Every structure is written in structure tokens, then in C-alpha cells.
Amino acid sequence: MTQNGTQRRGRRIMMSDAERDTYLTEQRTCRVATVSADGAPHVGALWFVWDGTSLWLYSITRSRRWAQLRKDPRIAVVVDDGTQYADLRGVELTGTATFVGEAPRTGEPCPELDGPEALFAAKYFHLDEMPHDGRHAWLRLAPESVVSWDFRKLAAL
């Protein structure tokens, strides 16, 4: 297929903003890619919430991910699912991670975290308030680039 044909197909299988928001709200696990000082990649699974503009990641502060992001905040995150080719769908978000709140998080007042913590507590713990374990803290990815795909749309092409 030509590059133009590939690009046209890519646009047709891209999720709409509403589809992407619903998808990111429903999914539970993402894969986070970071880079070490020598350029070696590191990928790990993590829980997250999407607030419609930013992806909020709840990371262990004594992890390789956390240490690498402290030195180089560039990050790529993939959320995907599907077991058959025709069912594959996902979203890739890239940009710069921002550290929000105290690290590790103990629950000190931080208005910027009120929304993400309420979403996270409900999604993963079925609670109204976020439990804090003194080991995790928050990263925010306000994506500079978002790419999505939904191969289920190929059937309609």
C-alpha cells in the first residue's frame, strides 16, 4: 500500500475524541516507556486514570521508572487491547512527565490531585477516597502527541 493509502487507512481507523476518552476511561493497565541515561529503554505496566486531557500515573517512587523520569522526563505510554487482529485497538501518548504532589504521596492537601485521586480510588479500589501507602506518587502526562487505532473499523471499510 502506498504511503497515502496507509495514511488514509490510518485516519479511518483512528478513534474519535469521544471514543478515545471512553476507551482510556475503561482500560485499567498501560505500558510506560522511559529512557535511561545511556539511552536504554525501559517498559513497565502501570495503573492510570484519564481525566479527558491528561493521563495520571500512580508510580512507586523507588522504581527504575521514577528514577529515570527524574533525570529525563520524556515518556511514552501505550494502552491497548484485543486478541484477534480485527479486534486490536489502542492509544499511544507521548510527551513529558510532570511530578505532582509530594513523593511519596501521604495525602497532604494538593488540589491538583483531587480529581485524579477520586477517579483512581473509584476505578481501582471502589472507594470514595484515595488510600495512601507512602510508597507511590503521581506523574501527569499532558500528551504532546496522541495516536489511536481501532482495527474493528476495518470491517466497515
- Place the peptides 32-45, 104-117, 129-142, 54-67 in order of packing, highest mean first, counting for every residue the other Cβ atoms within 10 Å and averaging per peptide. 54-67, 129-142, 104-117, 32-45
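Using helices alone, what [θ] at 222 nm do you get for the chain, with -39,500 (n - 2.57) per DSSP H run of 4 or more residues, divided over all residues and rounded to the nearest 500? Write out the running numbers ahead of the final one.
On the way: 4 runs with 39 residues, N = 157.
Calculated from helices alone, the mean residue ellipticity at 222 nm is -7000 deg cm²/dmol.
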- Taking a probe of 1.4 Å and leaving out DNA, RNA and ligands, the stretch 54-157 shows per residue an accessible area in Å² of 53 Å²
- Query: Within the accessible area of the chain, what % is carbon and sulfur when the probe is 1.4 Å and the other protein chains stay in place?
  - Reply: 52 percent
- Message: Please list 3J(HN,Hα) in residue order for the stretch 82-95, calculated via the Karplus relation 6.51 cos²θ - 1.76 cosθ + 1.60 where θ = phi - 60°; whole Hz, with x for glycine and proline.
- Response: x, 10, 9, 3, 6, 9, 5, 7, x, 9, 10, 10, 10, x
- Note on the structure: Helix 3-13 sits off the longest principal axis of the Cα atoms of the chain, rounded to the nearest 10 on a 0 to 90 degree scale, by 60 degrees
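Using Cα-Cα distances under 8 Å and only pairs 6 or more residues apart, what relative contact order does the stretch 81-148 have, in percent? All intermediate terms of the calculation are to be shown ahead of the outcome.
Numbers: 89 pairs, mean separation 32.8, N = 68.
About 48 percent, as a whole number.
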- If unit charges are put on Cβ atoms (+1 for Lys and Arg, -1 for Asp and Glu) and the dipole of the chain is taken about its Cα centre, the option from 63, 42, 16 lying farthest towards the positive end turns out to be 42
- Using only Cα atoms, tell me the angle between helix 17-26 and the longest principal axis of the chain; keep it within 0 to 90° and round to the nearest 10. 50 degrees
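From the square roots a ≥ b ≥ c of the eigenvalues of the alpha-carbon gyration tensor of the stretch 1-111, which class results: rounded (a/c under 1.5), prolate (a/b over b/c), or oblate?
Details: a/c = 2.33, a/b = 1.62, b/c = 1.44.
Note, shape of the stretch 1-111 comes out prolate.
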- Note on the structure: Nearest 10, in degrees from 0 to 90: the angle of helix 111-120 to the longest Cα principal axis of the chain is 60 degrees
- Cβ-placed point charges (K, R +1; D, E -1), dipole of the stretch 56-157 about Cα centre in debye, nearest 20: 480 debye
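The values are calculated or read from the model by the stated rules, or taken from the named source; none is laboratory data. Bear in mind that the values here come from a model prediction, so they are computed numbers and not experimental data. Positions of Cβ are generated from backbone atoms using ideal geometry, with glycine treated the same way; all protein chains shown enter the neighbour counts. Ligands, DNA and RNA are stripped out before the accessible areas are found, and what is left, the full protein with its side chains, is counted by its heavy atoms. Shrake-Rupley method; radii C 1.70, N 1.55, O 1.52, S 1.80 Å.
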